[in-house]
Amino acid sequence: MFILGLESSCDETSAAVLEMDEAAGIRRIASNVVASQIDIHSLYGGVVPEIASRAHIEAVSSITYRALEEAGVTIDDIGAVAVTTHPGLIGALLVGVNFAKSLAFSHHIPLVSVNHVHGHVSAALLSDPMLKPPFLALVVSGGHTSLYAVDDFTTYRTLGSTRDDAAGEAFDKIARVIGMPYPGGAALDKLAYEGNPKAFVLPSPAFPGAGFDFSFSGLKTAALNLINSASQRGETINRADLAAAYTAKIVRGIADKTAAALAETGAETLVIGGGVAANSHLRSALQKVCDDAGVRFSLPPISLCGDNAAMIAAAGYYEFLAGATADTSLNAYATDDVE
Ligand code: KG4
Ligand code: ZN
């Protein structure tokens, strides 16, 4: 069947068409159109929710039309519409949800609600056709840092998550303070290769204790303090050294918690997803964790790490197979605690 996915939870408007047939082993991305609003938000150093909602409204119809056209299908070929309903910016989510509802109900197509974070996990299903649950999933993005035990395609158990900022926010904040345009995560990734990771002592984001929670605010504050103290002394901090030390701490903290979660759950596969899963240092650290533990590592290509509708359609397909279709009361929610 063909499934149309729609994503508008933050600053990307995206529509995608997948051809999916689990019994026949078909998971094909027929189109995946992403309209990024980054150029607009970078003027303000971060996402401005009201501007995001308006930009989604302007883009959603034409992006959807393009996704159908690029896939070579019409709306009549679509067997289900999957839309991100939570978590995210509420005004932004409502644009996608209302558009999906109108489209689905006017064409008598089943509608499916998708959790954005489960979408990030599902990106790996598209790049790894053999991938099947159970597995351990790590989502690291601008808004989320979570570890899940994924028991089947629609059953996610949260093992741990961030108690404050997400990994992406932590990267973006320091990148911005040292003069990089929003979102600075990818630029910081590159700069980290030029510095000495041992140049500064910083706290770990792995929340102490036996659980699998993270906390990035202490690390972020410690890095800000280093920058501010240097500037009070009239000095400029070595940006590359800071990028290297900061990245090393984030990567080590995430890799250690992930290794502990693999050991505790006995998972045989690790899946990662989310914008920060594009981080090259994190990818290689997690590859090593998996090699050491004899665990299969499934990581999506960079193009499927950031927000996109193909991952939403993939998650939605399995929700659809499980019979989880929505009615006209479908709504959007900013938080994750609606399930
Ligand atoms: O998943 P995503 O597109 O949006 C959310 O759902 O939040 O993630 C965006 C985040 C931003 O914080 C961005 O800086 C970060 O992913 N990011 C990176 C890299 N590429 C994108 N962070 C670190 N290293 C990268 N290479
Ligand atoms: Zn995301």
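The values are calculated or read from the model by the stated rules, or taken from the named source; none is laboratory data. Since the model is a prediction, treat every value here as computed from it, not as a measurement. Please note: Cβ atoms are built from the backbone with ideal geometry, for glycine as well, and neighbour counts cover all protein chains shown. Note: areas computed on protein heavy atoms with side chains; ligands, DNA, RNA excluded. Shrake-Rupley method; radii C 1.70, N 1.55, O 1.52, S 1.80 Å.
Tally time: how many residues in the stretch 249-300 are assigned to a helix (DSSP H, G or I) and among the small types (Gly, Ala, Ser)?
At the first step, the residues of the stretch 249-300 found to be assigned to a helix (DSSP H, G or I) are 249-265, 275-278, 280-293.
If we keep only those that are among the small types (Gly, Ala, Ser) as well, we get 253, 255, 259-261, 263, 275, 277-278, 280, 284-285, 293.
Going through the stretch 249-300 one residue at a time, the tally reaches 13.
The listed residues are Ala187, Ala175, Ala137, Ala222, and the only one of them that is more than 16 Å from ligand 2 (Cβ to nearest atom), surrounded by 22 or more Cβ atoms within 10 Å (Cβ to Cβ) and modelled with pLDDT of 95 or more turns out to be Ala175. Is it the case that some residue within the stretch 265-280 is at pLDDT 95 or above, under 24 Å from Gly195 (Cβ atoms) and either more than 17 Å from the chain's Cα centre (by Cα) or away from ligand 1 (no atom under 12 Å from the Cβ) (or both)? No, because not a single residue in the stretch 265-280 is at pLDDT 95 or above, under 24 Å from Gly195 (Cβ atoms) and either more than 17 Å from the chain's Cα centre (by Cα) or away from ligand 1 (no atom under 12 Å from the Cβ) (or both). Looking only at residues of the stretch 263-279 that are of a type in the set (A, V, I, L, M, F, W, C) and open to solvent by 10 Å² or more (accessible area, probe 1.4 Å), we find that the one that is nearest to ligand 2 (Cβ to nearest atom) is Val276.
Does Pro197 count as surrounded by fewer than 23 Cβ atoms within 10 Å (Cβ to Cβ), more than 16 Å from ligand 2 (Cβ to nearest atom), at pLDDT below 95 and more than 14 Å from Asp213 (Cα to Cα)? In short, no. Counting only residues that are away from ligand 2 (no atom under 14 Å from the Cβ), of a type in the set (Val, Ile, Thr) and outside any helix (DSSP H, G or I), the stretch 97-128 holds 2 of them. Here is a check on your reading of the model: is Asp337 more than 16 Å from ligand 2 (Cβ to nearest atom) and surrounded by fewer than 17 Cβ atoms within 10 Å (Cβ to Cβ)? The answer is yes for Asp337.
Filtered by the rule that a residue be more than 15 Å from ligand 2 (Cβ to nearest atom) and within 22 Å of Asn115 (Cβ to Cβ), the stretch 3-34 gives Ile3, Leu4, Ala15, Val17, Leu18, Met20, Glu22, Arg27, Ile29, Val33. For the stretch 237-261, which residues satisfy the criterion of being open to solvent by less than 10 Å² (accessible area, probe 1.4 Å) and either farther than 13 Å from Asp189 by Cα or among the polar types (S, T, N, Q) (or both)? Answer for the stretch 237-261, where residues must be open to solvent by less than 10 Å² (accessible area, probe 1.4 Å) and either farther than 13 Å from Asp189 by Cα or among the polar types (S, T, N, Q) (or both): Thr247, Gly253, Ile254, Ala255, Thr258, Ala261. Taking the criterion of being out of contact with any strand residue (DSSP E or B) (no Cβ under 9 Å at 6 or more places or on another chain) and either open to solvent by 50 Å² or more (accessible area, probe 1.4 Å) or farther than 13 Å from Ala92 by Cβ (or both), would at least one residue in the stretch 64-75 satisfy it? Yes, the stretch 64-75 contains at least one residue that is out of contact with any strand residue (DSSP E or B) (no Cβ under 9 Å at 6 or more places or on another chain) and either open to solvent by 50 Å² or more (accessible area, probe 1.4 Å) or farther than 13 Å from Ala92 by Cβ (or both).
Please pick out the residue among Ala167, Ala175 that is more than 14 Å from the chain's Cα centre (by Cα) and under 30 Å from Ser229 (Cα atoms).
Result: Ala175 is the single residue among Ala167, Ala175 that is more than 14 Å from the chain's Cα centre (by Cα) and under 30 Å from Ser229 (Cα atoms).
Candidates are the residues of the stretch 280-333 that are surrounded by fewer than 15 Cβ atoms within 10 Å (Cβ to Cβ) and among the aliphatic types (A, V, I, L, M); the one that is nearest to ligand 2 (Cβ to nearest atom) is Ile302.
Please indicate, with yes or no, whether at least one residue in the stretch 15-31 is outside any loop (DSSP other than H, G, I, E, B), within 13 Å of ligand 1 (Cβ to nearest atom), under 20 Å from the mean Cα position of the chain (by Cα) and crowded, with 16+ Cβ neighbours inside 10 Å. No, because not a single residue in the stretch 15-31 is outside any loop (DSSP other than H, G, I, E, B), within 13 Å of ligand 1 (Cβ to nearest atom), under 20 Å from the mean Cα position of the chain (by Cα) and crowded, with 16+ Cβ neighbours inside 10 Å.
On the stretch given as the stretch 118-147, residues that are within 15 Å of ligand 1 (Cβ to nearest atom) and farther than 22 Å from Ala30 by Cα total 10.
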